[in-house]
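The values are calculated or read from the model by the stated rules, or taken from the named source; none is laboratory data. The structure presented is a predicted model; accordingly, all values stated were derived computationally and were not measured. Heads up, the Cβs are rebuilt from the backbone with ideal geometry, glycines too, and the neighbour counts pull from every protein chain shown.
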């Protein structure tokens, strides 16, 4: 499954299909930018995952390494998870031995693929973050640049942000205009470094 983004900034996990919605540019600042929307993956001040305009804030910075990686938000110190009924969200980073919260990050296609569901992280122009079948679309392409950096959606140009809101109130993650705040900064780590 691959994570993708649509024009509204919504992220989804879906079967990988190599469309631009599921392509994410990973750059040397750990920013995930979606290829279709040109927006960055943003953890949000209230914990809501979305894509928004890239702003280099900590909410949009992610750390990536290894075959499968854990993406930890700098502001909340919680990890990106694509599994579960609420769609992409932040959860505790503890390693319980499961594949939940692990992502395959393709530097060739710039997509973030959930190891558990095989869906890609996606966002749309309105900042919603969800997972959807991987399709190589720009809404699923993310630019990840450097340590403690942003996840910038390449299509929407918005950054993934932790909105710091409880999942039951709606999207915990969204994308928004990129800024320098910690809610848009992310670190990558191997699953054993949770």
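Of the residues making up segment 156-173, those that are crowded, with 24+ Cβ neighbours inside 10 Å and either at pLDDT below 85 or over 14 Å from the mean Cα position of the chain (by Cα) (or both) are 162, 163, 171, 172, 173. A single entry from 77, 138, 95, 67 fulfils the requirement of being surrounded by fewer than 21 Cβ atoms within 10 Å (Cβ to Cβ) and at pLDDT 75 or above: 77. Within segment 6-18, the residues that satisfy the criterion of being part of a strand (DSSP E or B) and modelled with pLDDT of 75 or more are 6, 8, 11, 12, 13, 14, 15.
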